[in-house]
Each structure stands twice: as structure tokens, then as C-alpha cells.
Amino acid sequence: MKASTNNNNPITLEGEPLEETESFTYLASTINKNGGTQEDVKARIQKARVAFIMLRKLWRAKQIKITTKLRISYSNVKAVLL
């Protein structure tokens, strides 16, 4: 993938042109051809939403302190979001 460039020459490896892609994921971040981050932010928010929903039983448990719930939230939901 060539990002934000006007050069249309194909990139070659051992004389063979490499396939170009519109976007790819690298280290859990989505990188697209335009250099934007909108898709990556949307994907991270969705993953954090899923992590939050998976902890539904924890949020409803009355025997667990709120401070413990917050610590679990920071380690599971916030970590996925960031």
C-alpha cells in the first residue's frame, strides 16, 4: 500500500509487482490508503463496546465493590479502547 502519494509506479519485489491494498491491520491498528484514522477509531469503539457487554454479569453483581468493578473495567474495556 502506498499512502498519500502521487507516484503510480508499482512496487516490485524480485521483478514481480506486489498487490496493492486499500487498508490493512498492523499491531491492532487499521491503516488505510488515505492515512485517516476514522475506521480504526470506529473499530476500537466497537471492540470496547463488546468488552463492556461481556462484563454484564459483573456490573449486576451486588457482592462486588464498585472500586473492584472499576479496576476490572479499566483493565478490560479501557485497554481495548486505547
Do we find that Ile53 is within 25 Å of Leu81 (Cβ to Cβ), in the same structural domain as Ser75 (by TED's automatic domain parsing) and either touching a residue at least 60 places away in the same chain (Cβ under 8 Å) or surrounded by fewer than 11 Cβ atoms within 10 Å (Cβ to Cβ) (or both) in this structure? yes
Write out, first by first residue and then by second, each pair whose Cβ atoms fall under 8 Å of each other, whose residues are 6+ apart or on separate chains, and whose first residue, in segment 18-39, is more than 23 Å from Leu81 (Cβ to Cβ) while the second is not in a loop (DSSP other than H, G, I, E, B). Leu18/Thr12; Glu22/Asn32; Lys33/Ser23
Is it the case that some residue within segment 9-26 is surrounded by 12 or more Cβ atoms within 10 Å (Cβ to Cβ) and of a type in the set (Asp, Glu)? no
Scanning segment 30-77 residue by residue, those within 30 Å of Asn7 (Cβ to Cβ) and more than 14 Å from the chain's Cα centre (by Cα) turn out to be Lys33, Asn34, Gly35
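The values are calculated or read from the model by the stated rules, or taken from the named source; none is laboratory data. Owing to the predicted nature of the structure, the values given are computational and were not obtained by experimental measurement. Cβ: placed from backbone, ideal geometry, glycine included. Neighbour counts: every protein chain shown.
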